[in-house]
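As structure tokens, the structure follows; a few thoughts come after it.
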Amino acid sequence: MSKKKPLLTEVEIVDAGAEGKAVGKTGEKVVFVPFAVPGDVVDVQVTKKRRRYAEGKIVKFHKKSDRHAEPFCKHFGTCGGCKWQHMAYEDQLFYKEKQVRDNLERIGKVDVTSMNPILGSEKDVYYRNKLEFTFSHRRWIHEGEPMVEQGSPEEKGLGFHIPGFFDKVEDIEHCYLMAEPSNKIRLETRKFAVENGYSFYDLRKKEGYLRNLVIRMSTTGDVLVNLVIGSSDAGPAVRLLDHLMTTIPEITSAFYTINEKVNDSLSDLEATHFRGEKFLTEKMEDLTFRVGPMSFYQTNARQAYRLYDVARSFAGLRGDELIYDLYTGTGTIALFLAKNAGKVVGVEYVEEAVKAAMSNAQLNGINNVSFVAGDMAKVFNNDFVATHGAPDVIVTDPPRAGMHPDVVEQILELNPEKVVYVSCNPATQARDLEMMSGNYTVKKIQPVDMFPQTHHVENVVLLQRKA
Ligand code: SAH
């Protein structure tokens, strides 16, 4: 029998912490509470108890912080998308900056006095260029909603997963993450599918025709739709895409993808081109990138440009340097730096991304870059250095887990004059910086916000070799 979990009373909320939850304290105890804001005093029902901390939900407010903002989206609280809408954007920025500062100081032992203020995103809504929606034959029914008849159109859903539930989808009416025609496309898809009796996927039984709808846009105005279906019969998908392209002329490319597997992942599948352009065109300064239905591209393109611009200015290039761009993805940073450098070598383990990087180099007539496919911890070895030469600058942009210790070791071994560390997780960045602190001084720190309304934050650090 499970013991009833405790109710913590008059918990003071002291910080807006990692993973989007606020941090509450009662005595020595720490409790993580979603939807709370620093300055709140609340009663918290504990839902999860661990040795060093607890998690819980607010059951009563004693004091409501004046940092609370009214969430503007009706799906807030159910949808997993924008978990920080209950704070105004400037407060979100304040806590993101604090997250970076605290991590660098506590974990990295970094002197943060010279840290630059966070670069906020010009757009704090409609900033994403890619969204993936899920079809569900039974959407999430909210408390207090009138009864919904089984099998009725109202029961179907096309939207986002509810955090923690693989089989629950919030039917989205309006999403603030992506500009029009994104909402129009999703709503028209839902309407046509219902009117024409298409089956929406049963996420438990793993059956049904319509599985996912991926919408991508570029800053140049291209709009790509990729419809993911659970059967090899493409006929109905083609009819739906034809209808979308006829009624929504802004769509420039349409694809469908057959996914008969039980899991949702698309990376191991191929999209079939139906009509229109075969890719989106993205531009950054004088560079052009071709983005296919499956290619990776930073999801906030305008802010990605500012991030790369920071990385470039931190690198302070003379024009003749040899640069390594570790975790290069589709080579965007490498290509962005190439005209200010002697040569750039990019490393990335997703082969498709490396192919895209090479074709983007060709498309832009850039000859002083090369790309290597492979796992960093394996390919970034002495042979690699013997082949490509000793770098003057290393740019590194690892995933959330940070760099493998062997990769950090190798950087220390190579001892380049500068390391520009771009990170999407200040905690692992701080850990890696600490490992490098014997040989390098942190010279510059610039947090950048790529994902307004969420707790995510990027940070760029310039490390300078000690004399
Ligand atoms: N710098 C790129 C992408 C950064 S995201 C950009 O700005 O667009 C991090 C990249 O690291 C991803 O493309 C991911 O595929 C790659 N990656 C993750 N683990 C890796 C590993 N062990 N070896 C090589 N690449 C890896």
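Readers should treat all values here as calculations from the given coordinates under stated rules, not as data from a laboratory. Owing to the predicted nature of the structure, the values given are computational and were not obtained by experimental measurement. All Cβ positions, even for glycine, are placed from backbone atoms using ideal geometry, and neighbour counts span all protein chains on display.
Some notes on this structure:
- As a length-normalised measure over Cα pairs under 8 Å and 6 or more apart, the relative contact order of the chain settles at 13 percent.
- For region 302-348, the ratio of Cα radius of gyration to the globular rule of thumb 2.2 N^0.38 Å stands at 1.05.
- From most to least packed by mean Cβ count within 10 Å, the peptides 148-155, 303-310 give 303-310, 148-155.
- Farthest positive-ward along the chain dipole, Cα basis, beta-carbon charges - from TYR53, MET217, GLY438: TYR53
- Only DSSP H runs of four or more residues enter the estimate; each adds -39500 (n - 2.57), and after division by the residues of the chain the mean residue ellipticity at 222 nm equals -7500 deg cm²/dmol.
- Cα centroid of region 238-272 to Cα centroid of region 121-150, whole Å: 19 Å
- Compared with the alpha-carbon gap, the fully stretched path from ASN382 to VAL194 is longer by 61.8 nm at 0.36 nm per residue.
- By average C-beta atoms within 10 angstrom, highest first, the peptides 202-214, 450-462, 91-103: 450-462, 91-103, 202-214
- Where only alpha carbons of region 4-43 are counted, the Rg and the Dmax (Å): 9.4, 28
- Looking at the chain, the DSSP beta bridges with both ends there are about 70 percent antiparallel.
- Using every pair of distinct Cα positions in the chain, the Kirkwood expression returns a hydrodynamic radius of 24.2 angstrom.
- √(5λ) per eigenvalue of the Cα gyration tensor, region 130-278, largest first, Å: 24, 17, 15
- Alpha-carbon geometry of region 1-95: the Rg and the Dmax are 13.3, 46 Å, given in that order.
- With a cut-off of 15 Å between beta carbons, the residues surrounding LEU210 carry a summed charge of 0, where Lys and Arg count +1 and Asp and Glu -1.
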